[in-house]
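The values are calculated or read from the model by the stated rules, or taken from the named source; none is laboratory data. Only a predicted model underlies this, so the values are computations on that prediction, with no experimental measurement involved. All Cβ positions, glycine included, derive from the backbone under ideal geometry; neighbour counts span all protein chains shown. Remember, those area values only see protein heavy atoms, side chains included, never the ligands or the DNA or RNA. Shrake-Rupley method; radii C 1.70, N 1.55, O 1.52, S 1.80 Å.
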Amino acid sequence: MRRHCDREEGLTLMPDLVRHAILGAGGVGGLIGACLAHSGASVTLVVRRESLAQYPRQLRLESAFGNFEVKVACAAEVPPVDVLWLTVKATQLEPALAAVTDLASVRAIVPLLNGIDHLAMLRAKYGDKKVIPATFAGETERVSPGHIVHRTPFARLNVSSAGRGLLGTTLDELQKIGFECRFIDDEQTLMWSKIVFLAPFALTTTAADRTTGAVIADPVWRAQLESCVREACAVASAESAKVDADSVIAAMMKMPANMRSSMQKDVERGNPPELDAIAGPILRGGRRHGLEVPVTKNLVQAVEQRAGFAGSLLK
């Protein structure tokens with residue numbers, strides 16, 4: 001029989017009884033899955049059916065939080081769980097959702113995708129109450145199946161306050177390991193706070209094909225980075241988010257110099273970059289509010305050229 005307590009904001013499970021599934025066992029999903037399993041939670045990785053038989057039943061993590069291996073379960077479909085973490089690329093979301101065959105067996109869905117537009121799609125498909133908006137910041141990579149390397153000294157997980165009842169104890173456990181976790185009341189601020197940081201970082205590092213430190217050290221690229229932040233913050237403010245460009249730029253100056261964006265790595269590997277998810281909200285928001293975002297547009301065009309395709313974002 002489950003132990004639980006009821007709070008005004010909802011049912012709170014004891015940390016050792018919360019069941020988690022990770023749909024997208026890449027860098028972010030692998031890091032979260034490994035840390036949750038290390039804390040004693042039940043974790044199932046949802047992987048492609050054709051990979052299921054060979055996929056390792058353990059996660060190996062190399063991180064500033066510690067180096068360890070933990071056992072996990074694997075499945076081709078999402079099993080009955082309390083929390084389903086969606087950690088796939090935005091470009092892979094719709095086909096990945098085929099693994100969710102029994103929505104009634106999932107209490108909550110926590111998407112950690114880049115961008116904003118996925119929230120409307122998920123809510124239309126699964127209902128407002130199932131979807132708990134959240135964002136993740138940090139550089140982490142799956143170097144092989146089941147092997148995760150977390151490269152930054154930080155991992156920041158921000159979650160809508162709507163998830164406090166279910167996820168409160170889970171975030172407490174992650175903080176004990178080393179995560180920085182916060183519940184945020186305002187959804188626009190939660191989601192745009194990541195966009196105004198991620199988009200300029202991803203676009204400049206990819207367009208320049210340089211690390212964060214190399215971008216900041218070059219006066220021309222640094223000026224583009226800062227201008228892109230200010231354009232993104234202007235759009236975010238028009239969308240009612242509470243963001244401050246000077247604070248974002250100051251935080252960027254403190255990032256590890258060797259950081260590289262996932263967009264940069266995708267382009268290097270010949271994978272489609274998440275331009276629509278990451279830069280799309282700024283471009284579309286700029287059009288909605290009559291705001292010019294020329295630096296963002298130029299950076300998008302440069303990324304498209306490096307990736308070898310002409311996209312539709314600038315049309």
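How much accessible surface area, in Å² rounded to 10, belongs to the heavy atoms of Met121 with a 1.4 Å probe?
So the heavy atoms of Met121 present about 60 Å² to solvent.
Pick out, in residue order, every one of the trypsin sites (Lys or Arg not before Pro) in segment 235-312 that is DSSP loop and has at most 10 other C-beta atoms within 10 Å; say none if there are none.
Working: sites: Lys242, Lys254, Arg260, Lys265, Arg269, Arg284, Arg287, Arg288, Lys297, Arg306; in loops: Lys242, Lys254, Arg260, Arg269.
Answer in residue order: Lys254, Arg269.
Which is farthest toward the positive dipole end of the chain among Ala53, Ser63, Ser42, measuring Cα position about the Cα centre, with Cβ charges +1 (Lys, Arg) and -1 (Asp, Glu)?
Ala53
Using the heavy atoms of the protein chains and a 1.4 angstrom probe, tell me the accessible area per residue for the chain in square angstrom.
With the other protein chains kept in place, the chain gives 44 Å² per residue.
How far, in degrees from 0 to 90, does helix 294-307 lean away from the longest principal axis of the Cα atoms of the chain, to the nearest 10?
Around 70 degrees separate the two axes.
Please report, for the Cα atoms of the chain, the Rg to one decimal and the Dmax as a whole number; what are they, in angstrom?
Cα radius of gyration and Dmax of the chain are 19.2, 62 Å respectively.
Trypsin sites (Lys or Arg not before Pro) within segment 112-168: which are DSSP loop residues with at most 16 other Cβ atoms inside 10 Å?
Numbers: sites: Arg123, Lys125, Lys129, Lys130, Arg142, Arg151, Arg156, Arg164; in loops: Lys129, Lys130, Arg151.
When the trypsin sites (Lys or Arg not before Pro) of segment 112-168 are filtered for loop state and at most 16 Cβ neighbours within 10 Å, Lys129, Lys130, Arg151 remain.
What's the angle, to the nearest 10 degrees (0 to 90), between helix 27-38's Cα axis and the longest principal axis of the chain?
That helix lies at roughly 30 degrees to the long axis.
State the Cα centre-to-centre distance between segment 221-252 and segment 121-160 in whole Å.
When both Cα centres are located, 22 Å separates them.
Taking the Cβ of Ala199 as the centre, find all other residues whose Cβ is under 15 Å away and add up their charges (Lys, Arg: +1; Asp, Glu: -1).
-4
Of the residues Leu23, Leu190, Leu291, which exhibits the maximal mean-square fluctuation in a Gaussian network model of the chain defined by a 10 Å Cα contact cut-off?
Highest fluctuation of the listed residues: Leu291.
Which of the pairs Lys125/Lys265; Lys89/Lys125; Lys125/Lys242; Lys242/Lys297; Lys194/Lys297; Lys89/Lys297 have their Cα atoms more than 25 Å apart in this structure?
Result: Lys125/Lys265; Lys125/Lys242 exceed 25 Å.
What 222 nm value per residue comes from the helices of the chain, counting each DSSP H run with n ≥ 4 as -39,500 (n - 2.57) and dividing by all residues, nearest 500 deg cm²/dmol?
Only helices count here, giving -12500 deg cm²/dmol.
Taking Cα atoms, how many degrees apart are the long axis of helix 164-177 and the longest axis of the chain, rounded to 10 and kept between 0 and 90?
80
In the chain, carbon and sulfur make up what percent of the accessible area (probe 1.4 Å)?
So the carbon and sulfur contribution to the accessible surface is 49 percent.
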